[in-house]
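Participant: Attaching a single structure in structure tokens format; questions to follow.
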Amino acid sequence: MSLSLGGEEMSKKEIDDRFKKFGTVSFTAVTKVNDFIDHLEKGKVMGTRCKDCGMVFFPPRADCYKCLSSNMEWFEVKGKAKLVSYSKLQYAPVGFEGDLPYSIAVLDYGDFKLFGRIASDVPEEEIQPGMEMITVTNKLPNGQLNYVFKKA
Ligand SMILES: [Zn+2]
């Protein structure tokens, strides 16, 4: 194949090939990571770890962006983490307005950080950076699943 960038036919062909590749990659990635929902249904919050370089991903990814490997394994997010920071939301994205007020937070698990929401039953006056928290699965009133942070 010529490396010439000229020629309309050549450009069209390259674009077609790229879309084909994009579709395949994205389909594979979504299918693999959908296991995340199955794990949530079983009460487990899971991330992925690259078996080749050790990078840890949460939310889970099917492919490692550091070493480009797809050799991933699941691991369970468990144990205590430290609250790094949190923020009480007065405004929420569309679809979450009914949940207000709620706090979003970042927990530090050492190997990785986890972004999420603090459970509504944690009293606001008890929330402070450095406190120990755990991550648990949570079923929403509409049947959807997510995870929340609670006091350890
Ligand atoms: Zn890797």
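The values are calculated or read from the model by the stated rules, or taken from the named source; none is laboratory data. Note that the structure is a prediction, hence the values are computed from the model and not measured. We place every Cβ from the backbone using ideal geometry, glycine too, and count neighbours over all the protein chains shown. Quick note on the areas: whole protein, heavy atoms, side chains included, nothing else; ligands and nucleic acids left out. Shrake-Rupley method; radii C 1.70, N 1.55, O 1.52, S 1.80 Å.
Participant: Considering (1) within 20 Å of residue 79 (Cα to Cα); (2) open to solvent by 70 Å² or more (accessible area, probe 1.4 Å), say which one residue 119 fails and leave the rest.
Facilitator: (2)
Participant: Another question, then. So residue 148 ticks every box in (1) surrounded by 17 or more Cβ atoms within 10 Å (Cβ to Cβ); (2) free of Cβ contacts under 8 Å to residues at least 24 places away in the same chain but one. Which box is left unticked?
Facilitator: That leaves (2) as the condition not met.
Participant: List, please: which pairs have Cβ atoms under 8 Å, are six or more places apart or on different chains, and start with a residue in region 51-69 that is of a type in the set (Val, Ile, Thr) and end with one that is open to solvent by less than 90 Å² (accessible area, probe 1.4 Å) and within 7 Å of the ligand (Cβ to nearest atom)?
Facilitator: So the pair list comes out as 56/50.
Participant: Among the candidates 49, 61, single out the residue that is outside any loop (DSSP other than H, G, I, E, B), within 16 Å of the ligand (Cβ to nearest atom), open to solvent by 50 Å² or more (accessible area, probe 1.4 Å) and within 22 Å of residue 110 (Cβ to Cβ).
Facilitator: On the way: 61 fails: outside any loop (DSSP other than H, G, I, E, B).
None of the other options fit; the residue is 49.
Participant: Looking at region 135-145 only, could you name the residues that are surrounded by fewer than 17 Cβ atoms within 10 Å (Cβ to Cβ) and in contact (Cβ under 8 Å) with a residue 40 or more places away in the chain?
Facilitator: Listed by number, the residues that qualify are 136, 137, 145.
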